[in-house]
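**Student:** Input: one structure, supplied below.
The values are calculated or read from the model by the stated rules, or taken from the named source; none is laboratory data. Predicted model, so just to flag it, every value in this text is computed and none were measured. Cβ sites come from the backbone with ideal geometry, for glycine too, and all protein chains shown count toward neighbours. Ligands, DNA and RNA are stripped out before the accessible areas are found, and what is left, the full protein with its side chains, is counted by its heavy atoms. Shrake-Rupley method; radii C 1.70, N 1.55, O 1.52, S 1.80 Å.
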There are 4 protein chains.
Amino acid sequence: MKKPLIIINFKTYVEGCGDMAVSISKSAEKIGEGAGAEMIVCPQAADIYRVASAVSIPVFAQHVDPISGGSSTGHILPLSVKEAGGSGTLVNHSERRLKLADIDAVINEAKKVGLTTVICSNNIATTSAASALSPDYVAVEPPELIGSGIPVSKANPDIVRGSMGAVKNINPDVKVLCGAGISRGDDVKAALELGAEGVLLASGVVKAKDPAAALLDLVGFL
Amino acid sequence: MKKPLIIINFKTYVEGCGDMAVSISKSAEKIGEGAGAEMIVCPQAADIYRVASAVSIPVFAQHVDPISGGSSTGHILPLSVKEAGGSGTLVNHSERRLKLADIDAVINEAKKVGLTTVICSNNIATTSAASALSPDYVAVEPPELIGSGIPVSKANPDIVRGSMGAVKNINPDVKVLCGAGISRGDDVKAALELGAEGVLLASGVVKAKDPAAALLDLVGFL
Amino acid sequence: MKKPLIIINFKTYVEGCGDMAVSISKSAEKIGEGAGAEMIVCPQAADIYRVASAVSIPVFAQHVDPISGGSSTGHILPLSVKEAGGSGTLVNHSERRLKLADIDAVINEAKKVGLTTVICSNNIATTSAASALSPDYVAVEPPELIGSGIPVSKANPDIVRGSMGAVKNINPDVKVLCGAGISRGDDVKAALELGAEGVLLASGVVKAKDPAAALLDLVGFL
Amino acid sequence: MKKPLIIINFKTYVEGCGDMAVSISKSAEKIGEGAGAEMIVCPQAADIYRVASAVSIPVFAQHVDPISGGSSTGHILPLSVKEAGGSGTLVNHSERRLKLADIDAVINEAKKVGLTTVICSNNIATTSAASALSPDYVAVEPPELIGSGIPVSKANPDIVRGSMGAVKNINPDVKVLCGAGISRGDDVKAALELGAEGVLLASGVVKAKDPAAALLDLVGFL
């Protein structure tokens, strides 16, 4: 079985803010290395520098704006993520949906400054559309399963297979992840068996009583 | 003459990002102390931790979202700013306007976590409305003068006087700043003479060829 | 007891769309005249012309954009509402919140073309802020009671009294309405007894099995 | 030469509001019939009923929201457009950009109520993405040419050809229009020669001193 990619989104959880962002990221680094899984952490913008200074695994932003500098007070400049030590970004997460033209502009701007991009999508049609914009990854997440504890890779394997088929037709260079409801190693395994490169998850780790134990469980099948 | 408050907004200027955010902030700290002016810097979200670790003057966010935690991927949690070393935030900047109900919610959330608030407004009517929401400061900035190099304190003293009168009637605890087109010490002096507590500026310092020289000029009249 | 103002918001209810918008508006006209209540209907934008051609009571838009013409495809020009026979508009409804600066701009633009304005607000602080912008009316509607069937005028009389006190201090020319959970004549009566000029309601009439009967009930206490 | 499709967007131009919307639409109907061109008019929401009652050519909305009814005060219900006599809608116009997931939802909702859809896009990548969502039409409009008077079909034929190629690969059932800077018959002819089904234009007709003369010019080459 190939090395899975596991992206952990810290959202704006209080449990994954500040010191705790650093602590969970260190656990992810250690456990990923031990198990042979590629871990990526997505802390809040204000925590990127602190986390990236503390770990050597990739640190992604949760969102960047389609801007290259100038007068955009209060927005997230892709370059600022790069300068803070980040190496990629989620784009169009279900809690931070973007306009179509802005997704395209973000992908272009992220490429210019050297950030890897993961466009989140909600169904096969929007996954297809997202792949036409040439991100590095698309991550399909059915909104009804986000935060549900019901893993997409088991509850709706057809959306994962359908997304993979659609992406292959439109832009085979784009890699496919899946997310929503993922919290156990079995869920990750099911995702890989469907052909996904890996998973995107959040509460299953960040809001776990013991995030390190949750991370260990995620890679236990390897 | 009382000690003026000078808030420097780094916007998403490339010239005020990363290392340069730290460098300008150190200049602001040193020059403010020397001249007896209170300097506050507003770097980008990803730079707050780095800047706050390097200087002891207040570091403000440019924007925070009206949230207290949870599932708000890609948004700015007020607590994350506090945890990163920030002590306040701009609210409703002309480049990041908020819904009225969200301004109110941000003010309440910022108070809970201990962040000072500065609501930006664009005319006397919206300054009045903003003051009814009980922020620490309102900063009136006529949009047509932002980035113009024409200082509001000289070009439109009536908007500053009118804002001060309106705020006094509605909520006399709220302090009034002014901004837009400020770049020289004379502009700051004019603002103080109108009764403002200080000024909000951006390009005049951050995009100056020599930000330290620009900062020295700003406090030269003291 | 003074003549109450009753504003009926058709939202995007299928039950209040097209022919049914005309039918409910005719009932409102007839029942309001009979009982000595001032009825105002707020159909969807596409129904304003049809409704305004069929009744002589005021027809308000549910929303207009802060524009005076030009290149704003897909937005609602205040003048277009006036030309279609409308005479006013809701502003900043809880389902269509606006930025503070845009509320101010809408009020100014609506005045220019002769539309009456009703700013909706969600608590005493935002009602105060709204009144500083000099609309004709503010309508305070606690979001937690909207669509609840629990009338604000009975469940939270303090928010109505507090709003009236705040508005009187800031801008006594502004009249105060209340809304959320209103569906019976008793609720309207309670609102008037608290000093409100009238009420804003939606589902209580538009989604009633018999809208005419619901309207009759609303004015039954007169 | 095949019968071209000419879509006229009235934007929020004062010159295309109310009575004038009806007048321009009648001219479009008459001139289109005479020349053998299919004309479609897109008046403001408040004018759809009035225009659709006056002409028999298709009347499209400029925008609809991704909703099927319920509590969405101030939004545009697709059904309300249909009930007012409309038969289609623009989607994601450059002045009313939508989130990717909302474009998908609008397409689905419009199909349910029987509205034809035209997704506007700004470059080849977003045209490709739009076609993956299966609208009836995509209309590529480079933003820098909108309102410029420089016709896309002459200034940037590659974007039209590239869009057509991309759409053919992804979803050959989707028809391609182009827009931006179109104002003369020559521009329409050039668009058809590139393989487009027709054009989308606005100011060239609606803000013309004599809209009927402008319409005649558009079809003069037929």
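**Student:** Only Cα pairs within less than 10 Å get springs; with that Gaussian network setup on chain A, which residue of A:Thr117, A:Thr126, A:Thr12 has the largest fluctuation?
**Tutor:** Result for chain A, Cα springs under 10 Å: A:Thr12 fluctuates most.
**Student:** Could you pull out every one of the lysines with an alpha carbon less than 18 Å from that of C:Lys112, ignoring same-chain neighbours closer than 8 positions?
**Tutor:** Qualifying lysines at Cα under 18 Å: C:Lys82.
**Student:** Per the 1.4 Å probe, what fraction of the accessible area of chain C, in percent, lies on carbon and sulfur atoms? Provide the component values of the computation, followed by the final result.
**Tutor:** Numbers: 3460 of 7410 Å².
On chain C, the fraction of accessible area on carbon and sulfur atoms equals 47 percent.
**Student:** On to the next question. When Cβ neighbours within 10 Å are restricted to other protein chains, what is their mean count per residue of peptide A:162-169? Before the final figure, lay out the partial values.
**Tutor:** On the way: counts 0, 0, 0, 0, 2, 0, 0, 3.
Shielding by partners across A:162-169 averages 1.
**Student:** Let me ask something else about it. Using protein heavy atoms only (no ligands, DNA or RNA), what is the total accessible area buried between D and A, 1.4 Å probe, nearest 100 Å²?
**Tutor:** Numbers: alone 9600 and 9610 Å², together 17780 Å².
Interface between D and A: roughly 1400 Å².
**Student:** Copy-to-copy spacing for C:Asn169, label 7 Å out on the Cα-to-C-beta vector, in nm, shortest first?
**Tutor:** Ordered by distance, the counterparts are at 1.4, 6.4, 6.5 nm.
**Student:** If you don't mind, another one. Give the long-range amide H neighbours of D:Leu200: residues separated by 5 or more places, or on another chain, with amide H under 5 Å away, using H modelled in the peptide plane at 1.01 Å from N.
**Tutor:** When sequence neighbours closer than 5 places are left aside, the close amide H contacts are D:Ile7, D:Cys178, D:Gly179, D:Ala180.
**Student:** Using a 1.4 angstrom probe, figure out how much accessible area segment A:1-133 has per residue, in square angstrom, rounded to the nearest whole. Walk me through the numbers before you get to the answer.
**Tutor:** Details: 3780 Å² over 133 residues.
Accessible surface, normalised per residue, equals 28 Å².
**Student:** Tell me, what are the semi-axes, in whole angstrom and largest first, of the equivalent ellipsoid of the protein assembly as shown as set by the roots of 5 times the Cα gyration tensor eigenvalues? Display every interim value, and only then the final one.
**Tutor:** Details: eigenvalues 346, 284, 173 Å².
Square roots of five times the eigenvalues give 42, 38, 29 Å.
**Student:** Around B:Tyr49, with a cut-off of 13 angstrom between Cβ atoms, what is the net charge of the other residues, counting Lys and Arg +1 and Asp and Glu -1?
**Tutor:** My count for the surroundings of B:Tyr49 gives -2.
**Student:** Right, another one. By a straight-distance test (C-alpha under 17 Å), which aspartates and glutamates pair with C:Lys209 as possible cross-link partners, with residues fewer than eight away in the same chain excluded?
**Tutor:** C:Glu15, C:Asp19, C:Asp217
**Student:** Continuing with the same structure: Assume the label is 7 Å from Cα along Cα to beta carbon: what separations in nm does A:Lys30 have to the matching positions in the other copies?
**Tutor:** Once sorted, the set of distances for A:Lys30 reads 4.1, 7.8, 8.3 nm.
**Student:** Something else about it: Which whole-percent values make up P(r) of segment B:105-157 when all C-alpha to C-alpha distances are grouped in 5 Å steps starting at zero?
**Tutor:** Result, from short to long distances: 5, 19, 24, 19, 15, 10, 7, 1 percent.
**Student:** Turning to a different aspect of this structure: Would you mind pulling out the separation of the Cα centroids of segment B:152-196 and segment A:1-80, in Å?
**Tutor:** 41
**Student:** Still on this structure, please answer the following. Given the rotation relating C and D, tell me which residue in C puts its Cβ closest to the axis and the distance in Å.
**Tutor:** Spelled out, residue of C and its Cβ distance from the axis onto D: C:Ala45, 2.
**Student:** Peptide B:129-140: average number of partner chain Cβ atoms within 10 Å per residue? Numbers along the way, then the final one.
**Tutor:** Numbers: counts 12, 3, 4, 12, 5, 2, 0, 0, 0, 0, 0, 0.
Whole-number average of other-chain Cβ neighbours for B:129-140 is 3.
**Student:** Please state the relative contact order of chain C as a whole percent: Cα pairs under 8 Å, 6+ residues apart?
**Tutor:** Details: 486 pairs, mean separation 43.5, N = 222.
With pairs under 8 Å counted, the relative contact order is 20 percent.
**Student:** Sticking with this one: Using a 10 Å cut-off on Cβ to Cβ distances, tally the other chain neighbours for every residue of A:142-149 and report the average as a whole number. Before the final figure, lay out the partial values.
**Tutor:** On the way: counts 0, 1, 0, 0, 2, 2, 0, 0.
Rounded to a whole number, the mean comes out at 1.
**Student:** With the solvent-accessible surface defined on protein heavy atoms using a 1.4 Å probe, which residues belonging to segment B:35-53 display a reduction of at least 20 Å² in accessible area in the multichain context relative to the isolated chain?
**Tutor:** B:Gln44, B:Ala45, B:Ala46, B:Tyr49, B:Arg50
**Student:** Still on this structure, please answer the following. Diagonalise the Cα gyration tensor of segment B:129-220 and give the resulting equivalent ellipsoid semi-axes, square root of 5 times each eigenvalue, largest first, whole Å.
**Tutor:** On the way: eigenvalues 117, 29, 27 Å².
Semi-axes, largest first: 24, 12, 12 Å.
**Student:** Be a star and scan segment A:10-50 for residues whose amide nitrogen sits under 18 Å from the point 7 Å along the Cα-to-Cβ vector of B:Val113.
**Tutor:** A:10-24, A:42-50
**Student:** Moving to a separate point now. When Lys and Arg each count +1 and Asp and Glu each count -1, what net charge do the other residues less than 15 Å away from C:Leu216, Cβ to Cβ, add up to? Could the numbers behind the result be given before it?
**Tutor:** On the way: positive: C:Lys26, C:Lys30, C:Arg184, C:Lys189, C:Lys209; negative: C:Glu29, C:Glu33, C:Asp186, C:Asp187, C:Asp210, C:Asp217.
Here the charged neighbours net out to -1.
**Student:** Let me ask something additional. Determine the calculated [θ] at 222 nm for chain B from helices alone, applying -39500 (n - 2.57) to every DSSP H run no shorter than 4 residues and normalising by the residue count; nearest 500 deg cm²/dmol.
**Tutor:** My calculation for chain B gives -11500 deg cm²/dmol from helical runs alone.
**Student:** Residues with amide H under 5 Å of C:Ser121's amide H, sequence separation 5 or more or different chain, H placed in the peptide plane at 1.01 Å from N; which?
**Tutor:** C:Ala139, C:Val140, C:Glu141
**Student:** Hey, can you list the residues from segment C:82-100 whose accessible area shrinks by 30 Å² or more with all protein chains present, relative to the chain by itself (probe 1.4 Å, no ligands or nucleic acids)?
**Tutor:** Those residues are C:Glu83, C:Glu95, C:Arg96, C:Arg97, C:Lys99, C:Leu100.
**Student:** Rounded to two decimal places and with Rh computed the Kirkwood way over Cα pairs, what is Rg over Rh for chain D?
**Tutor:** That ratio equals 0.94.
**Student:** Would you mind classifying segment A:58-114 by shape? Square roots of the alpha carbon gyration tensor eigenvalues, ordered a ≥ b ≥ c; an a/c under 1.5 is rounded, otherwise it is prolate if a/b is larger than b/c and oblate if not. Display every interim value, and only then the final one.
**Tutor:** On the way: a/c = 1.44, a/b = 1.15, b/c = 1.25.
Rounded is the answer for segment A:58-114, as its axis ratio a/c remains below 1.5.
**Student:** Related question: Taking DSSP loops as anything outside H, G, I, E and B, show the longest stretch in chain D free of trypsin sites (Lys or Arg not before Pro) there with at most 10 other beta carbons within 10 Å.
**Tutor:** Numbers: sites that count: D:Lys2, D:Lys209.
In short, D:3-208.
**Student:** Distances from D:Val113 to the same position in the other copies: list them in nm, one decimal, shortest first, using label points 7 Å from Cα along Cα→Cβ.
**Tutor:** 2.1, 4.0, 4.0
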